[in-house]
1. Along its principal axes, what span do the Cα atoms of chain B show, with the longest given first and each in whole Å?
2. Using the Karplus curve 6.51 cos²θ - 1.76 cosθ + 1.60 with θ = phi - 60°, work out ³J(HN,Hα) for each residue of the range A:124-137 in order, rounded to whole Hz, and write x for Gly and Pro.
3. Could you tell me the relative contact order of the range B:88-135? Use alpha-carbon pairs under 8 Å, at least six residues apart, and round to a whole percent.
4. Whole-Hz Karplus ³J(HN,Hα) for the range B:127-132, in order, using 6.51 cos²θ - 1.76 cosθ + 1.60 and θ = phi - 60°, x for Gly and Pro?
5. For a footprinting-style exposure proxy, rank A:Ser130, A:Ser73, B:Ser102 by other Cβ within 10 Å, fewest first.
6. For a quick check: with amide H placed at 1.01 Å from N, whose amide H comes under 5 Å from B:Gly55's, ignoring anything fewer than 5 positions away on the same chain?
7. Let me know the charge dipole size of the range A:49-146 about its Cα centre in debye, to the nearest 20, where only the beta-carbon of Lys, Arg (+1) and Asp, Glu (-1) is charged.
8. What does the charge count near A:Gly139 come to, summing +1 for each Lys or Arg and -1 for each Asp or Glu among other residues with Cβ under 11 Å from its Cβ?
Amino acid sequence: MTILLDRGSKASGTTRELDPPPDLPNVDAAQQYYIYGSERIDRSAPLRMSDAEVRRLFHELAAEWRTRTGLDSNIQRKVLDRAYQRIIGLGPQVVPYILDDLARSPDHWFWALTALVGQDMAAGQVSVRSAAEAWLSWGRDVGVIE
Amino acid sequence: MTDWAHVDPRARLLTQLPRLADKGFEITSQATRDYNCVAWSVEETTQFWWPVDVGGYFWPTDATEPLLPDFEQVYADLGYGRCVHLNHECGADQVAIYLTSSGTPTHASRRLENGNWTSKLGDFEDIEHNDVNGVCCDTYGETVIILCRPSQPQLAVSSE
């Protein structure tokens, strides 16, 4: 039985057992891994990865994405690629590495950055270079990059 | 998966676009993301032309997704209309739009005065290819629509 915090009794600091919502999958407690595609993810691992791990994954996924979609002009197809989607899935921790990459060479990271930051800092820019500059300027302003 | 960054560009293109091996081609630029095939088809080299709702790209209409009628409208605004003959008509500019089997535009190329075609290949290089179908592939699709317009006079360069 899962122990869930009862929001209604938060003020009193007590917990009580709640039945899980009916739409949750029935996870076998004996199962050691979640299965994600071909990967097994250790259930006991913390959800937050180290910066070094995020950086490594970003570069690995970016190379995979470029190989698979480099021939494409279709931005929608580029950003729907599974490696690009996994980069977005790394969360805000990946933003500094995307900006570092953008500083080295402008690339199609604007969609991912907009999704991660929640705002298009290059709105209205009509070239890849000017959009990259807008994002880098934002990154410096907020201290994400130097 | 092959990391294209470490592969000779010509070998990479022959892998990605196998028909080029039979049809013939040459690489005519360095790889760049500054512009793409649609921009190159209208001789623009500072903007990446694609309909998408995020900053960094240029598109002449309000469209935010690639649809053939909108692509045709963009070219119509530049004087292009459907061309029934694939043969190189002297005095006519020609562009080709490539489509997937579901009719989504994927690529564009432009005919050169010598009758060959020039394509900017995504984030990679420009190439000159002998046959308009030379770049047909899984990514660009197998359907090609040809648009043409009366040849545009070159702007005179002032000598002042």
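1. Largest to smallest, the principal-axis extents are 47, 41, 37 Å.
2. Couplings: x, 6, 10, 9, 4, 5, 5, 5, 4, 4, 4, 5, 5, 4 Hz.
3. On the way: 59 pairs, mean separation 11.5, N = 48.
Reported as a whole number, the value is 24 percent.
4. Along the range B:127-132, the couplings run 9, 10, 10, 6, 10, 4 Hz.
5. B:Ser102, A:Ser130, A:Ser73
6. The answer is A:Ala122, A:Ala123, A:Gly124.
7. 300
8. On the way: positive: A:Arg140; negative: A:Asp100, A:Glu133, A:Asp141, A:Glu146.
Summing Lys/Arg as +1 and Asp/Glu as -1 gives -3.
Readers should treat all values here as calculations from the given coordinates under stated rules, not as data from a laboratory. As the structure is a computational prediction, the values presented were derived from the model and not from experiment. As a convention, Cβ positions derive from the backbone with ideal geometry for all residues, glycine included, and neighbour counts pool all protein chains shown.
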